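J.: Dropping the structure in here first, questions after.
The values are calculated or read from the model by the stated rules, or taken from the named source; none is laboratory data. Since the model is a prediction, treat every value here as computed from it, not as a measurement. Here the Cβ is made from the backbone with ideal geometry for all residues, glycine too, and neighbour counts use every protein chain on show. Side chains are part of the model used for accessible areas, which takes the heavy atoms of the whole protein and leaves out ligands, DNA and RNA. Shrake-Rupley method; radii C 1.70, N 1.55, O 1.52, S 1.80 Å.
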Amino acid sequence: MFVNKYPDYHIYNLDKLTYAGNLENIADIENKSNYTFIKGDIADNTYIEKIFNEYNFDAVIHLAAESHVDRSITNPLEFVMTNVIGTVNLLQAANKTWLDKTNKLFYHVSTDEVYGSLEETGKFTEETAYDPHSPYSASKASSDHFVRAFFDTYKLPIVISNCSNNYGPNQFPEKLIPLFINNIQQNKNLPVYGNGLNVRDWLYVEDHVDAIDQIFHKGKLGETYNIGGNNELTNLELIDTLIKVVDKKLNRKEGSSKKLITFVEDRKGHDLRYAIDLTKINSELNWNPTLNFEKGLEKTVNWYLDNEKWLSNVTSGDYKDYYEKMYD
Ligand code: DAU
């Protein structure tokens, strides 16, 4: 989005291309003259210092992370390597190369999961104390603390945002929405963890990108902004709506895929509820989510069902082993 919207910026996209990274997702920008792709691992300190010296970046938008809670439960160390060590490597490289820190910015994109879990009421504000429960959220909480420590200690210009659950096209089908779209289409079971009453706040990915754009350009240094969709749903409510939309698109009898719902063992340490108070980002940056959930879901379902080849490419190979280990 930045590549097209800001032709005067040169965007360097650094990615390790792990299982969830897919250059097919950004094929439309690969030949743009203001865009360069760099394959690399943020956990590799020597390499990170080398590219910071070589390219002399003005700003960093740090989105690189291991992001899936279930994977963090089976392999926490991988999350420490990328999310914690990787973040500290980027901070150090920025701090070393930015001798003059004016007009520089290190923007860390993080998650609402750092705040832990809510009961039935209340919302996360930027003042909520950190209380992460999964290895994933613990690694993101740690990286947020490092980002703030670099602001306090070295005056590195930083900003942080903590966002709720994203959905939309191109999302790797380990996350609830694309996983279930794929399973409904293939008449496979829909594995609902626990009683399905956990609540998540869903935000369409383009609204998140727009919030990042606002925070990057107008956010105050040293500050944190929460981002959310104002769209809380229990997993069962979400799954019901999803089934309706997918059945309709597949010309199946409405609701017929409900029979696929299967209650399975709960996720370990499963957070009950996330909800975001949007007061700060709304009043300071005038940002609000724009896309209505039913429309966003319909767009998402249409995208997945119209892109079967994409889906079959990403669900072959390693994905099959992961799926079998997780669900079979
Ligand atoms: O809140 C923001 C976070 O949202 C991001 O920081 C994470 O990177 C992202 O993965 C997401 O975390 P969740 O754990 O909330 O997303 P996930 O899609 O894995 O699960 C959503 C809900 O659905 C959660 O309550 C667990 C449940 N679930 C998930 C899967 C994959 C199931 O019941 N069955 C499933 O098979």
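J.: Could you report the chain's accessible area per residue, 1.4 Å probe, as an integer in Å²?
T.: Ligands and nucleic acids excluded, the result is 48 Å² per residue.
J.: Please state the shape class of the stretch 29-95: rounded when a/c is under 1.5, otherwise prolate if a/b exceeds b/c and oblate if not, all from the C-alpha gyration tensor.
T.: It comes out oblate by the Cα gyration axes.
J.: Now a separate question. Using the Cα centre of the stretch 126-175 as origin and beta-carbon charges of +1 (Lys, Arg) and -1 (Asp, Glu), tell me which of Asn170, Ile158, Val147 is placed farthest towards the positive end of the dipole.
T.: Checked the options; the winner is Asn170.
J.: Another question, then. Would you mind checking the tilt of helix 205-218 against the longest principal axis of the Cα atoms of the chain, expressed as 0 to 90 degrees and rounded to 10?
T.: With both axes taken from Cα atoms, the answer is about 20 degrees.
J.: Now, a different point. Taking a threshold of 20 Å on the Cα-Cα distance, which of the pairs Lys101/Lys155; Lys5/Lys155; Lys188/Lys320; Lys32/Lys295 fall above it?
T.: In this structure, Lys5/Lys155; Lys32/Lys295 exceed 20 Å between Cα atoms.
J.: State to the nearest 20 debye the size of the charge dipole of the chain about its Cα centre, where the only charges are +1 on K and R beta carbons and -1 on D and E beta carbons.
T.: So the dipole magnitude of the chain works out to roughly 400 debye.
J.: Per-residue ellipticity at 222 nm for the chain, helices alone: DSSP H runs ≥ 4 residues times -39500 (n - 2.57), over residue total, nearest 500 deg cm²/dmol?
T.: Calculated mean residue ellipticity at 222 nm is -12000 deg cm²/dmol.
J.: With a 1.4 Å probe and all protein chains left in place, how much of the accessible area of the stretch 207-250 comes from carbon and sulfur atoms, in whole percent?
T.: Its accessible area is 49 percent carbon and sulfur atoms.
J.: Sequence neighbours fewer than 8 away in the same chain don't count; with that in mind, list the aspartates and glutamates whose C-alpha is under 16 Å from Lys258.
T.: Those aspartates and glutamates meeting the cut-off are Glu237, Asp240, Asp247.
J.: Let me ask you something else. Which of rounded, prolate, oblate describes the chain, given a ≥ b ≥ c as roots of the alpha-carbon gyration tensor eigenvalues and a/c under 1.5 marking rounded, otherwise prolate only if a/b is larger than b/c?
T.: prolate
J.: When the accessible area of the stretch 61-144 is split by element with a 1.4 Å probe, what percent falls to carbon and sulfur?
T.: 55 percent
J.: Follow-up question, since we're still on this one. Give me, ordered by chain and number, the residues 5 or more places off Asn13 or on other chains with an amide H under 5 Å from its own placed amide H.
T.: Thr36, Phe37, Ile38
J.: Could you rank the peptides 226-236, 313-323 by their average count of other C-beta atoms within 10 Å per residue, with the highest value first? Write down the numbers at each step before the final one.
T.: Working: 226-236: 20.5, 313-323: 13.9.
Answer by packing, highest mean first, reads 226-236, 313-323.
J.: What does the C-alpha gyration tensor say about the overall shape of the stretch 183-328? Classify as rounded when a/c is under 1.5, otherwise prolate if a/b is larger than b/c, or oblate.
T.: Note, shape of the stretch 183-328 comes out prolate.
J.: Right, next: Over the Cα atoms of the stretch 242-301, how large are the radius of gyration and the largest Cα-Cα distance (Dmax), in Å?
T.: In Å, with Rg to one decimal and Dmax whole: 17.2, 47.
J.: Under a plain spin-label model, where a point goes 7 Å from the Cα along Cα-to-Cβ, how far apart in nm are Tyr327 and Glu30?
T.: Label-label distance for Tyr327 and Glu30, simple model: 2.8 nm.
J.: Using θ = phi - 60° and the Karplus relation 6.51 cos²θ - 1.76 cosθ + 1.60, list the HN-Hα couplings for the stretch 187-197 in order, rounded to whole Hz, with x at every Gly or Pro.
T.: Ordered by residue, 3J(HN,Hα) equals 6, 9, 4, 9, x, 8, 6, x, 9, x, 9 Hz.
J.: Among DSSP beta bridges whose residues both lie in the stretch 110-234, state the antiparallel percentage, nearest 5.
T.: So the antiparallel bridges in the stretch 110-234 amount to around 25 percent.
J.: Which FRET efficiency, nearest 0.05, do Lys218 and Lys258 yield, Cβ-Cβ r, R0 51 Å?
T.: Taking R0 as 51 Å, the efficiency between Lys218 and Lys258 is 0.70.
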